[in-house]
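Note sheet for the following structure.
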Amino acid sequence: MEPILLDLPERIEGERVYIRPCLPGDGKVVYEAVIRSLDELKEWMPWAHFEHSIENAEKLVREAYAKLILRESFRFHYFLKSDDAFLGSGGYPRLNWKTKCFEIGYWIDSTYTGQGYGTETAKLLEDFAFDFFKANRVEIRVDTRNHASRKIPEKLGFQLEGILRKDSYSAEGTILRDTCVYAKISE
């Protein structure tokens, strides 16, 4: 089947959270979470160093939504089931339809870090990639210095396949960094 013909579910439910595709109108909640988390995000995310406004957040959400519609990448937003509070964002920023390889990316609002929500949402994305997209491979790439983020693929049983040395710049763009490549393959 052609990827553009795939109908995504409206939401994917976990034990405590649900994830859904990003939608126009999500910019305000994304902006608020980014602002609360900016100090933490700046260490790892290049986009955290850009100018932030509700308008810009909405623009980025709409651009991500367009890419989702075209099946070029998938951005999802995470919410608590108990009260629909916005938890964070992530999805499959890089994918290869030919090999059915999907990379998972994620960030959690600092208000909610350390409570297992990152692991729960990453597990939902992993399962969805294998079950819905019939992925052959799912990857998580993490800066070697980001110990909190590295715990997620390790808890989920991803194998550390290697470290890409000096493969990209740090979030602030000043030093070359190393990236851990974790992966699971279909059985």
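Laboratory data are not the source of any read-out in this text; all were calculated from the coordinates shown. What you are looking at is a predicted structure, and each value in this text was computed from that prediction instead of being measured. Reconstructed Cβ throughout: ideal geometry from the backbone, glycine too, with neighbour counts over all protein chains shown.
Simple spin-label estimate for Ala66 and Arg36 gives 3.0 nm between the two label positions (7 Å along the Cα-to-Cβ direction from each Cα).
For the chain, the mean residue ellipticity at 222 nm estimated from helices alone is -10000 deg cm²/dmol, where every DSSP H run of n ≥ 4 contributes -39500 (n - 2.57) and the total is divided by all residues, rounded to the nearest 500. Between Ala85 and Lys134, the distance separating the two model label sites (each 7 Å from Cα on the Cα→Cβ line) works out to 4.0 nm. In percent, rounded to a whole number, the relative contact order of the stretch 8-133 is 26, using alpha-carbon pairs under 8 Å and six or more apart. Mean-square fluctuation check for the chain, GNM, Cα pairs under 10 Å: which of Ala148, Ala135, Ala48 is largest? Fluctuation is largest for Ala148. Karplus-derived 3J(HN,Hα) values for the stretch 98-103, using 6.51 cos²θ - 1.76 cosθ + 1.60 with θ = phi - 60°, are 5, 8, 6, 10, 10, 9 Hz; glycine and proline are entered as x. Counting only whole DSSP H helices of the chain, the ones at least 18 Å long by C-alpha along their axis and with mean Kyte-Doolittle hydropathy no lower than -0.5 are 27-42, 54-70, 117-131.
I'm spelling it out carefully: the read-out is mean projected area of the Cα convex hull in nm², the candidates are [x] 18.0; [y] 20.6; [z] 10.5, and one was derived from this structure. Which label? Entry [z].
Stretching Asn146 away from Arg20 to a fully extended chain increases their span by 42.8 nm, per 0.36 nm per residue minus the current alpha-carbon distance.
Charge dipole of the chain (Cα centre as origin; +1 on each Lys and Arg Cβ, -1 on each Asp and Glu Cβ, all else neutral): 480 debye, rounded to the nearest 20.
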